[in-house]
1. Per DSSP H run of n ≥ 4, the term is -39500 (n - 2.57); total these for the chain, divide by its residue number, and report the mean residue ellipticity at 222 nm rounded to 500 deg cm²/dmol.
2. Taking square-rooted eigenvalues a ≥ b ≥ c of the alpha carbon gyration tensor, is the range 59-109 rounded, prolate or oblate, where a/c under 1.5 means rounded and, failing that, a/b exceeding b/c means prolate?
3. What accessible area per residue comes out for the chain, rounded to a whole number of Å², with a 1.4 Å probe?
4. From the phi angles alone, apply the Karplus equation (6.51, -1.76, 1.60; θ = phi - 60°) to the range 54-64 and give each ³J(HN,Hα) in whole Hz, x where the residue is Gly or Pro.
5. Once you order the gyration tensor axes a ≥ b ≥ c over the Cα atoms, which shape class does the range 1-73 get: rounded for a/c under 1.5, otherwise prolate or oblate by comparing a/b with b/c?
6. Hey, any idea what % of the chain's accessible area is carbon plus sulfur with a 1.4 Å probe?
7. Give the angle, between 0 and 90 degrees and rounded to the nearest 10, that separates the Cα long axis of helix 23-37 from the longest principal axis of the Cα atoms of the chain.
8. Of the peptides 35-47, 63-75, 84-96, 15-27, how do they stack up when ordered by the mean number of other Cβ atoms within 10 Å, highest first?
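The values are calculated or read from the model by the stated rules, or taken from the named source; none is laboratory data. Being a predicted model, the structure only gives us computed values, none of them experimental. Don't worry about glycine lacking a Cβ; one is built from the backbone with ideal geometry, like all the others, and counts go over all protein chains shown. Just so you know, the surface numbers come from the protein's heavy atoms only, side chains and all, with ligands and any DNA or RNA stripped out. Shrake-Rupley method; radii C 1.70, N 1.55, O 1.52, S 1.80 Å.
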Amino acid sequence: MEEIDFNSDLFEDILARDGRYAARAYALLMDVIHYLSKDRGNVTGEEILEEFRERALDQYGPMTYTVLTEWGVERTEDIGEMMFNLTEGGRVRKDEDDTPESFVGGYDFKEAFLGPYLI
């Protein structure tokens, strides 16, 4: 996987409206969205959550949980909130089937990001 370009968009307009999540978290999520949607249109919340998990683990390994929580991302619902902030900021489109509920209870963050490294 390629390194994420954290400087291509600083998400200043989104951060001015909602400062809960770091710009780097949005950059990671945009990387996920671009990857998933390059050959097709809309993707599901479940697909976004799974690819987010895989890319985060690939980028940050055993530090993933720490990095994400420092960025304000502590549960799958946060990824959903970020998705809708990106929609409001004009970065992504949504269709009528896209709802915040699509991201509720996707996986337990500690289990998903610490579990692979527990002995």
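1. Values: 6 runs with 63 residues, N = 119.
Dividing the helical sum by the residues of the chain leaves -16000 deg cm²/dmol.
2. Taking the square roots of the gyration eigenvalues as a ≥ b ≥ c, the range 59-109 is prolate.
3. Details: 6920 Å² over 119 residues.
Accessible area per residue, the chain: 58 Å².
4. Coupling constants for the range 54-64: 4, 5, 4, 4, 5, 6, 10, x, x, 8, 4 Hz.
5. On the way: a/c = 1.59, a/b = 1.15, b/c = 1.38.
Oblate.
6. Heavy-atom surface of the chain belonging to carbon and sulfur, 1.4 Å probe: 47 percent.
7. The angle comes out at about 80 degrees.
8. 63-75, 15-27, 84-96, 35-47
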